[in-house]
Every structure is written in C-alpha cells, then in structure tokens.
Amino acid sequence: MITHTLSPQSADYASFPGSARSLSYYLLCGQDYRQQQENLTPDDFKEFREKEGKSFVELCLKLLKQWENLDDCLQSSILELQFPKYLSASAAVALLKVPLDGLKNCLSQLNEFIQKQGALTSTDISKIAQLFHIKPKRYLILGEVASNNDWEFTVKKLKLKDPEQIKNLKEQAQTLATVEVLTDHIVQASDLLGYDIAKLLPKPKKQFTQKDLDLATEQLTRENVTLKLEKEALSKQIQFLKIQSTPKLTTEPQIEILEQSETTESVDTLEKQSTLEQLNDDEVLNKEDLSPSSPLPPFIPGMTVKVQNTNQIGKIKRKSSSGWIVKLQNGLSKIFQPEQLDVISHPSQKKNSPPKFKGFGLSPHPA
C-alpha cells in the first residue's frame with residue numbers, strides 16, 4: 001500500500017483511501033481533468049468541461065494545484081485528519097486555501113476540535129479554516145515591515161509584469177531603507193520610479209467645505225417644505241372626504257347656531273329685539289287659526305320636536321324671520337326650517353282655560 005507522504009510528482013491518487021466526495025475524490029477528479037486538458041485540443045477540452053460541469057472541473061483543478069504546492073509533511077498531516085464521510089467542495093477549498101505559514105496551526109485547531117467534539121463536519125472545517133485566511137489587502141498600511149503579501153499587492157496594483165521592473169522597485173526600496181524595508185519605503189520607491197502611488201494607499205476621506213454644508217442644508221430645507229405641503233394637501237383631502245361621507249339633508253337651509261343657554265344675555269336680547277316681530281307673527285298665526293280653510297299651524301311654542309336625521313330633541317320657543325327657534329336638550333338654541341322638524345308632543349294646556357277668540361266676545365259654543 002502506498003503511503004500518504006509521497007511527493008506530488010510521484011503520488012498515485014488512485015491509491016488514496018476514501019469514498020465519493022472525500023478529499024481524495026476531488027484530487028482524483030482533478031488529476032483526470034488535467035490529463036484531459038493536456039491530451040485534448042482547447043475546443044475539445046472546452047466541450048468536455050461543459051459536459052462534466054464547468055464549475056466542478058475548475059474547482060478540482062484548483063484543488064489539485066493547491067495540493068501539489070504542499071510539501072510531503074503537510075500532505076501527510078492533512079490526510080491523517082479525520083474528515084467526515086462526505087466532504088463538501090467548499091470545505092475542501094477553504095482548507096487548502098489556508099496559507100502555508102498558517103496551515104499547521106489550522107490543522108492543530110481541527111484536531112483539538114475533534115478531541116472535544118468527537119467528529120468534524122464540513123461546516124466545522126470551513127469555519128475553522130476561514131479563521132486563517134488572509135483577507136484581501138486593499139491598501140498598504142504605512143509603518144509596517146514589508147511582507148511578501150505587501151510586495152505581491154504592490155506588484156498586482158501597479159501591474160508590474162516584467163521581472164526587471166519588480167527587481168528595480170525592490171532595489172530602490174532597499175536603498176531608501178536603513179535596516180528593514182518598510183511599507184513606507186515601497187511607496188517612496190514607487191513614487192520615485194513614476195508609478196501611481198494612489199493605488200497603494202487608502203482613499204482619502206472627503207473633506208466637506210462650508211459650501212457643501214450650505215448646499216446640504218438648503219436641500220434639507222427644501223425637502224422639509226415639500227413634505228409640509230404634501231402633509232397639508234393630504235389633510236385637506238381627508239377633510240373633504242369626511243364632508244362628502246356625512247349624510248346630507250334633502251334641503252340645505254341656513255342654520256344659525258346660538259351657542260348659549262336659555263338664560264344667556266344674547267337670547268334675551270334677541271327676544272327683546274324681536275318682540276314686535278313675534279306679536280305680528282302671533283297675530284298672523286291667530287288669523288290663520290280662525291280661517292276654516294287653512295290647516296292647523298305646524299308648530300306652536302312649547303311643542304316638543306325632533307330634528308330630522310339626528311338624535312337632537314328640543315322645544316319650540318318661537319318663530320323668527322329665519323325659521324323656528326328651538327331650545328335643544330344640550331342648552332343650545334338653534335334656528336330650523338319646518339321641514340327639518342318632526343313633532344313629538346304638543347304642549348300641555350291649563351285646565352278650565354278656554355281658548356281665546358277675537359271678535360264680539362261670543363262663546364265658542366252657540367247657545
């Protein structure tokens with residue numbers, strides 16, 4: 001049986017123990033796909049890749065490349081790990097994506113987890129491995145000793161494809177440094193060689209001027225005014241809808257609200273001012289009473305009435321030029337038209353008080 005510590009050049013992946021979807025399964029697939037890539041023309045391999053699944057083929061080729069970059073000791077340590085029976089592709093990628101200088105610590109953490117929990121899952125492997133991943137560098141942090149990652153970032157950002165360019169940049173940075181090359185020296189050397197150092201540094205934070213603040217304030221004020229106008233328009237629309245939904249009377253007479261009780265001054269004043277009018281109205285009413293062809297008067301003072309389409313009840317006080325004055329139960333006096341009122345009861349008359357008749361003092365009953 002072939003051991004697991006064979007070098008990538010001589011390793012026979014077909015001899016690796018494991019079942020479908022184990023780490024060895026992905027490596028076997030990667031080996032097969034690479035062989036197909038070498039034997040087939042680009043167009044044939046493209047067709048083969050589409051048939052097998054483009055993403056899976058690329059994943060296996062990537063895993064195989066990462067595996068072959070490991071030394072024998074790391075390969076052996078990985079294969080000795082107690083993987084789950086089914087290892088997800090994302091977990092395998094996460095594990096082999098760990099940088100070489102952090103892979104040993106990652107494997108140590110995984111073994112400790114197994115001792116405590118008893119078994120690993122693909123999710124456990126992914127979470128622990130991601131703790132050792134190097135986050136993509138977005139800019140150089142000044143004042144730090146330049147690392148390989150800093151140099152790789154610089155070469156990538158400045159698009160230095162010529163090895164001579166990279167060599168000149170490193171020599172220039174070393175010349176500027178007294179002992180160790182710092183990230184500051186990389187930036188200075190890049191600037192001296194005419195490269196755009198803005199690509200290596202964080203983007204400066206925008207400094208707001210007074211003009212910017214004034215514009216922002218003006219915009220906010222304009223938005224507040226617009227919001228206020230919209231709110232007022234909405235309020236008017238709601239009020240209009242409320243009015244439209246209120247039940248309407250068949251007629252719309254003018255209603256004068258006398259917001260006062262029976263004992264208030266304004267009612268007394270109104271009574272005094274209309275004394276003559278009341279006398280004239282009573283006289284006309286009495287004449288109508290004597291007329292045999294005219295119907296009985298619809299309302300008389302003291303009569304209990306109900307306002308149509310409402311729950312308001314009151315008593316007739318007297319008639320005015322605008323209509324009948326009614327004192328409601330809530331103490332307010334209002335003027336209504338006859339067609340707005342329904343008679344509930346007539347006023348009680350005193351006993352043995354015969355009705356008065358004008359004329360010659362004759363009795364109402366003929367002798």
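Across the stretch 149-207, what is the total count of residues that are of a type in the set (G, A, S) and in contact (Cβ under 8 Å) with a residue 12 or more places away in the chain? Break it down into steps so the answer makes sense when it comes.
Of the stretch 149-207, the ones of a type in the set (G, A, S) are 173, 177, 189-190, 194, 198.
This time we only want the ones that are in contact (Cβ under 8 Å) with a residue 12 or more places away in the chain, so: 173, 189-190.
Of the residues in that region, 3 qualify.
Looking at E230, is it modelled with pLDDT of 85 or more, of a type in the set (D, E) and open to solvent by 90 Å² or more (accessible area, probe 1.4 Å)? Let's see the steps before the verdict.
Values: modelled with pLDDT of 85 or more: yes; of a type in the set (D, E): yes; open to solvent by 90 Å² or more (accessible area, probe 1.4 Å): yes.
It is true that E230 is modelled with pLDDT of 85 or more, of a type in the set (D, E) and open to solvent by 90 Å² or more (accessible area, probe 1.4 Å).
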Looking at (1) over 30 Å from E171 (Cα atoms); (2) not in a loop (DSSP other than H, G, I, E, B), which one does S190 not meet, given that it meets all the others?
(1)
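Based on this model, can you work out whether T41 counts as modelled with pLDDT under 75 and open to solvent by 50 Å² or more (accessible area, probe 1.4 Å)? Please lay out each step first, then the result.
Numbers: modelled with pLDDT under 75: no; open to solvent by 50 Å² or more (accessible area, probe 1.4 Å): yes.
No, not satisfied.
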Within 21 Å of E80 (Cα to Cα), of a type in the set (D, E, K, R), open to solvent by 50 Å² or more (accessible area, probe 1.4 Å) and out of contact with any Gly (no Cβ under 8 Å at 6 or more places or on another chain): does that describe E112?
yes
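Looking at K242, K272, can you tell me which residue is modelled with pLDDT of 70 or more, more than 29 Å from the chain's Cα centre (by Cα) and not aliphatic (A, V, I, L, M)?
On the way: K272 fails: modelled with pLDDT of 70 or more.
Checking each option against the conditions leaves just K242.
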Which residue is farthest from L182 (Cα to Cα), if the candidates are limited to the stretch 195-226 and must be in a loop (DSSP other than H, G, I, E, B) and open to solvent by less than 90 Å² (accessible area, probe 1.4 Å)?
T209
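A quick yes/no check of all residues on (1) under 30 Å from Q37 (Cα atoms); (2) open to solvent by 20 Å² or more (accessible area, probe 1.4 Å):
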residue: K51; (1), (2): yes, yes
residue: K54; (1), (2): yes, yes
residue: A91; (1), (2): yes, no
residue: G118; (1), (2): no, yes
residue: K127; (1), (2): no, yes
residue: R138; (1), (2): no, yes
residue: G143; (1), (2): no, yes
residue: T154; (1), (2): no, no
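In the stretch 182-194, which residue that is hydrophobic (A, V, I, L, M, F, W, C) and under 19 Å from L160 (Cα atoms) is most open to solvent (accessible area, probe 1.4 Å)?
As a first pass, look at the stretch 182-194 and keep what is hydrophobic (A, V, I, L, M, F, W, C): 182, 186-187, 189, 192-193.
Next, only the ones that are under 19 Å from L160 (Cα atoms) stay: 186-187, 189, 192-193.
Working: I186: 0, V187: 17, A189: 0, L192: 116, L193: 72 Å².
Here the residue is L192.
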Filter the stretch 45-95 down to the residues that are in contact (Cβ under 8 Å) with a residue 40 or more places away in the chain and of a type in the set (F, W, Y) and list them by number.
W67, F83, Y86
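Can you name the residue in the stretch 1-24 that is outside any helix (DSSP H, G or I) and either acidic (D, E) or closer than 16 Å to K62 by Cα (or both) and, of all such residues, is modelled with the lowest pLDDT? Steps first, please.
Within the stretch 1-24, the first condition is being outside any helix (DSSP H, G or I), and the residues that meet it are 1-12, 16-22.
In the following step, the residues that additionally are either acidic (D, E) or closer than 16 Å to K62 by Cα (or both) were identified as 8, 12, 21-22.
Values: P8: 38, D12: 42, R21: 77, S22: 85.
Among residues in the stretch 1-24 that are outside any helix (DSSP H, G or I) and either acidic (D, E) or closer than 16 Å to K62 by Cα (or both), the one modelled with the lowest pLDDT is P8.
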Unmet requirement for L258, which otherwise passes all of (1) within 19 Å of T310 (Cβ to Cβ); (2) among the aliphatic types (A, V, I, L, M); (3) modelled with pLDDT of 85 or more
(3)
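Assess whether G331 counts as being part of a strand (DSSP E or B), modelled with pLDDT of 50 or more and either under 25 Å from T246 (Cβ atoms) or open to solvent by less than 50 Å² (accessible area, probe 1.4 Å) (or both). Reasoning before the result, please.
Details: part of a strand (DSSP E or B): no; modelled with pLDDT of 50 or more: yes; either under 25 Å from T246 (Cβ atoms) or open to solvent by less than 50 Å² (accessible area, probe 1.4 Å) (or both): yes.
No: the conditions fail for G331.
The values are calculated or read from the model by the stated rules, or taken from the named source; none is laboratory data. Since the structure is predicted, the reported quantities are computational estimates derived from the model, not experimental observations. For neighbour counting, all protein chains shown are included, and Cβ atoms are generated from backbone atoms with ideal geometry for every residue, glycine included. Note: accessible area is taken over every heavy atom of the protein model, side chains too, but ligands, DNA and RNA are not part of it. Shrake-Rupley method; radii C 1.70, N 1.55, O 1.52, S 1.80 Å.
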